[in-house]
1. Given q = 0.15, 0.17, 0.20 Å⁻¹, what are the Debye log10 I(q)/I(0) values for the range 48-154, with equal point scatterers placed on the Cα positions and solvent ignored?
2. Can you tell which of Ala142, Gln24, Gln66 lies farthest toward the positive end of the dipole of the range 16-155, using +1 and -1 charges on the Cβ of basic and acidic side chains (Lys, Arg; Asp, Glu)?
3. Pairs Lys79/Lys108; Lys113/Lys155; Lys113/Lys147; Lys32/Lys108; Lys18/Lys108: which are spaced more than 19 Å apart, C-alpha to C-alpha?
4. With θ set to phi - 60°, apply the Karplus curve 6.51 cos²θ - 1.76 cosθ + 1.60 along the range 92-103 and write out the HN-Hα couplings as whole Hz, x wherever there is a Gly or Pro.
5. Quick one: what are the phi-derived ³J(HN,Hα) couplings along the range 186-191, Karplus 6.51/-1.76/1.60 with θ = phi - 60°, whole Hz, x for glycine and proline?
6. Once amide H atoms are built 1.01 Å from N in the peptide plane, which residues 5 or more positions from Thr189, or in another chain, come under 5 Å H to H?
7. Could you work out how far the C-alpha centroid of the range 133-167 sits from that of the range 59-116, in angstrom?
8. Going by amide H atoms built from the backbone, whose H comes under 5 Å of the H on Leu72, apart from near neighbours?
Amino acid sequence: NQEFLSTDTEGDLQDLLKLDSSFQHSIRPDDKLSLSIWSHDDMSLGSVFSIYNSNESYGKWVLVDQNGYAQLPKVGNVKLGGLTCTEAAETLGNFFGLEIKEPIIVVKILNRKVTILGEVRTPGNYILEEEQVRLMEAIGHAQGFTKYANMEHLKLVRNNRSYALDLRTMDPLQLHNLMVQSDDLIIATPTRGKAYDEKAPRLIPIATAITAFVIITSFVVSK
């Protein structure tokens, strides 16, 4: 399976385990942000407080530019890059607080996603709806592993570093607490048995033909 080979630098598993439940994604260029302000739909973008859909595909959002700025209603261009959603909400509270008394603000990133490939039932891209998503929860979104998944070699690629995970020997608590990040690539590599099973339908007719040939030849010679 050459498609899963990569030149990524090998990473230390301990680096992955340092990501705990307090982790929050920092806003960065090309993030799609929704802005929700309680009782102020005119200032909101895809508000979670109203009938407007906050989903990336159907809702309203604004794109963070390459310098970390977002163009927002009423307040204009605001630098949010490098902030968490909580910090961004606090920052915007200072801007909108000039017009609104004690504004209730929620900032969401709509396009945080992981890519899951290989031996899972439904490979593809999956949006991270929650701030913290565990590795096995992400695998669950892909409907779990196929029977050919190699549990001793699950590959996770993050920031050009590749991490090899042995799910059979990892400490259960560590595995439970292992978090994914936006843009992670998870690859469930196949066992050797898959290659054999894929070749078997082609080999059986050949083997059958050889067997038949041997039988016929033996019969002719014996005559």
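1. -0.78, -0.90, -1.09
2. Most positive-ward Cα: Ala142.
3. Over 19 Å Cα-Cα: Lys113/Lys147; Lys18/Lys108.
4. 5, x, 5, 6, 6, x, 5, 10, 10, 7, 6, x
5. Each residue of the range 186-191 in turn: 10, 10, 8, 6, x, 7 Hz.
6. Glu119, Asn150, Lys155
7. Each part reduced to its Cα centre gives a spacing of 32 Å.
8. Amide H to amide H, under 5 Å and 5 or more residues apart or across chains, Leu72 pairs with Asn77, Val78.
Values quoted throughout were computed directly from the atomic coordinates according to the rules given, and no laboratory measurement underlies them. Everything numeric in this text was worked out from a predicted model, so none of it was measured. Don't worry about glycine lacking a Cβ; one is built from the backbone with ideal geometry, like all the others, and counts go over all protein chains shown.
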